[in-house]
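All of the numbers you see were taken from the coordinates with simple rules; none came from a lab. These numbers come from a predicted model, not from an experiment. Glycine gets a Cβ as well: all are built from the backbone with ideal geometry, and neighbour counts include every protein chain shown.
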Amino acid sequence: MFAADSKRNSNMKRTATKFLQAFIVLISIVALVVLIRMPLSEGRAVNLDLFSIYSDPLILYVYASSVLFFVALYNVFRLLGHIGRNKIFSPESVSTVKRIKYCAIILSVLIVLAGVYIRIFHAEEDDPAGFIALCLMTTLLSVVVAVTAAVGENILQKAIDLKSENDLTI
């Protein structure tokens, strides 16, 4: 009876991690569509031709910065894979969480720099309040992800250290 419960829990965990991995892929696809579609219909590039849109420095900055977002999502996908294979307490998981933390920190700095740039160099007829508010919200979100990853990294590392210490005493 215990083996059946254990197998059911293992299948439920595997299903949950696969669902979360599918959700990460969906987030990636939506983010990619927004990155491609948004410059064509919104903001400062709405009246530009296709070449001018994708040569705009701010849009290129957003695309370059978004690489960190996709790297972090990939690492979350990998971390979920470690969880699904019951290898969450491994050095690979710690390094994956560390990469997520670094991506979130660098992304928050890049978002703040974009907000400061827009605040200083915006045109007189433009109102940067919406963009600044968006920068503040996404920076806060990135900082929350970075802090959560740092706490998770610390917990995982302590668990690995405790496990290796117990393995040595046995």
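Computed quantities for the displayed model
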quantity	calculated
Within a Gaussian network of the chain (alpha carbon springs, distance under 10 Å), most fluctuating of 46, 116, 143	46
Principal semi-axes in Å for segment 36-163 [√(5λ), Cα gyration tensor, largest first]	37, 16, 9
Within-14-Å neighbourhood charge of residue 105 [Cβ basis; K, R +1; D, E -1]	+2
Summed residue charge, Cβ within 15 Å of residue 96's Cβ, Lys/Arg positive, Asp/Glu negative	+4
Candidates 84, 130, 152, ranked by Gaussian network fluctuation over the chain, Cα under 10 Å, top entry	130
Along principal axes, Cα extents of segment 99-150, largest first, whole Å	41, 14, 9
Relative contact order (percent, whole number), the chain, Cα cutoff 8 Å, 6+ residue spacing	22
